[in-house]
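Contents: one structure, followed by commentary.
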Amino acid sequence: MKNLDTDKLYDLVGVGVGPFNLSLAALLDDQPEVEALFFEQKEKFEWHPGMLIEGTKLQVPFLADLVTMADPRSKYTFLNYINEHERMYQFYFLQRLDIPRREYNDYCQWVAQQLESCQFGHRVTNLRHVKDNESYFEVEILNLSTNEKGAFRTKNLVLGTGSVPAVPSSFQGLPEEDVFHTADFLKHQDRCKQAKSVTVIGSGQSAAEAFRELLKEQKRYGYRLDWITRSPGFDSMEESKLSLEHFSPDYVNYFYQLPQEKKDEIFPTQGLYYKGISNHTVTDIYNLLYEHSVGQEELDVGLQVLSEVENIEAKANGNEYRINCKQTETGETFIHESEVVITATGYKPLVPEFIDSLKSIIEWDEKGRYKVEGDYRLKTTEDANEIYVHSGISHTHGVGSTNLGLAIHRNKVIINHLLNRQIYKLPKKNVFQNFSAHNKGTASSSN
């Protein structure tokens, strides 16, 4: 591993090593003039480990790896990972653009192990902006294996702190083995198999994948299986080619230029671009339901839509939970009982406690969110050093903010700004459609 120098003034320190910061670290590995460090508290790279279910696929093509869309000649491409593992012909005969989610995680681990700039098992405990002869950030670190503390100086920061499960308050404080988020699905999968009844709450991709996996095993283990959502249906994700162009630099640029109140109006209407269920997952579930129905008068499976969960409480016998629900269109209330409850209630951006020490120099909007420049720098209240950010920017940069296919574009922008010159080309036109009326070829408004 890299010899950490606490006396050095680094050019960039990254907080967190998820796919976005790992991509940045890989691209910077070819920029020797940039001294960078990235700290991650986990012992190794892990990407949603609780949902690395066998058979699940990455929702973007393998070209959205860590480096290809910036530098296809890099040694850190997915194709080079395949080649180094002597699996090129197997992948060639697979004839797929999508890859297993487990393989994407393994690929990222392969890259992370080669990058000396990435330090795992190190927790960032505090950040401080220092004004001395030159201003810099001081990053306080705890080495989790040795319990030693250290501090590193850097000109700039990049925050890649990701997101955490969003769990409604009524679901908190209950036994974790009985009531848990899909983020911990694999951890508690054996508990599901032992239960008499299991209920999944939510209607996105994670909910569907957990439900599909439980449906596969239902006949073998004999539990009652239910799926409840407040949505009108178990809707498929919008995956048409032109719709996918919303995950492009063009749409990011268009969306960013809109007034904030207009962004806040548009973003909630775009759920099916990023929160729906992939078509192949819906098909898998329907096929399983059809197979299970052969020779059966009634399935021991329930799919309940238009039903909002108001709260959950443990029954007196301690064996089941009462889920109080309301049908959203008729207002009718009902009670659903289940021994195990899985919440697929999404994620929320993680704003770590140590950000509090920088609150005075960061600009916040009226809803307590970061104010972010178009080039992914936080707006600051004074002439501070740069703080680049990867998470918590959906309100400024739109639906593609968490999309892996845009990670490299974002890092190209950050690297160009960091080095104050064009290291990577940024094409002005990447898609076929126009989002703004001012683009060439669109109709202009009349006077």
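Some points to look at:
- Kirkwood Rh (inverse of mean 1/r, distinct Cα pairs), the stretch 1-138, angstrom: 16.5
- Calculated [θ] (222 nm, deg cm²/dmol) that DSSP helices of n ≥ 4 give over the chain, each run adding -39,500 (n - 2.57): -7500 deg cm²/dmol
- Beta bridge orientation in the chain: antiparallel %, DSSP, nearest 5: 50
- Rg/Rh for the stretch 252-407 stands at 1.10; both radii use Cα atoms, and Rh follows the Kirkwood definition.
- The three principal axes of the C-alpha atoms in the stretch 1-66 carry coordinate ranges of 47, 25, 17 Å, sorted with the longest axis first.
- Along each principal axis, Cα extent of the stretch 147-210, largest first, Å: 55, 30, 23
- Relative contact order, percent, the stretch 190-261 [alpha-carbon distance under 8 Å, six or more residues apart]: 31
- Across all directions, the average flat footprint of the convex hull enclosing the Cα atoms of the stretch 206-315 is 10.1 nm².
- Counting every alpha-carbon pair across the chain, the share separated by more than 30 Å comes to 51%.
- Computed P(r) (all Cα pairs; the stretch 203-270; 5 Å bins; percent): 3, 12, 15, 16, 14, 13, 9, 7, 5, 4, 1
- The Rg/Rh ratio of the stretch 317-406, with Rg taken over Cα atoms and Rh as the Kirkwood radius over Cα pairs, comes to 1.20.
- Relative contact order for the stretch 288-405, counting Cα pairs under 8 Å that sit 6 or more residues apart, in percent: 12
- With coordinates expressed along the principal axes, the C-alpha atoms belonging to the stretch 63-116 extend over 34, 20, 19 Å, beginning with the largest.
- For the stretch 1-160, DSSP calls about 55 percent of its internal beta bridges antiparallel.
- Based on C-alpha pairs under 8 angstrom that are at least 6 apart in sequence, the chain has a relative contact order of 20 percent.
- Beyond 27 Å in Cα-Cα separation lie the following of the pairs LYS187/LYS359; LYS187/LYS367; LYS187/LYS412; LYS275/LYS326; LYS44/LYS348; LYS241/LYS275: LYS187/LYS359; LYS187/LYS367; LYS187/LYS412.
Bear in mind that the values in this text are calculations on the coordinates, not laboratory data. Keep in mind it's a predicted model, so treat the numbers as computed, not measured.
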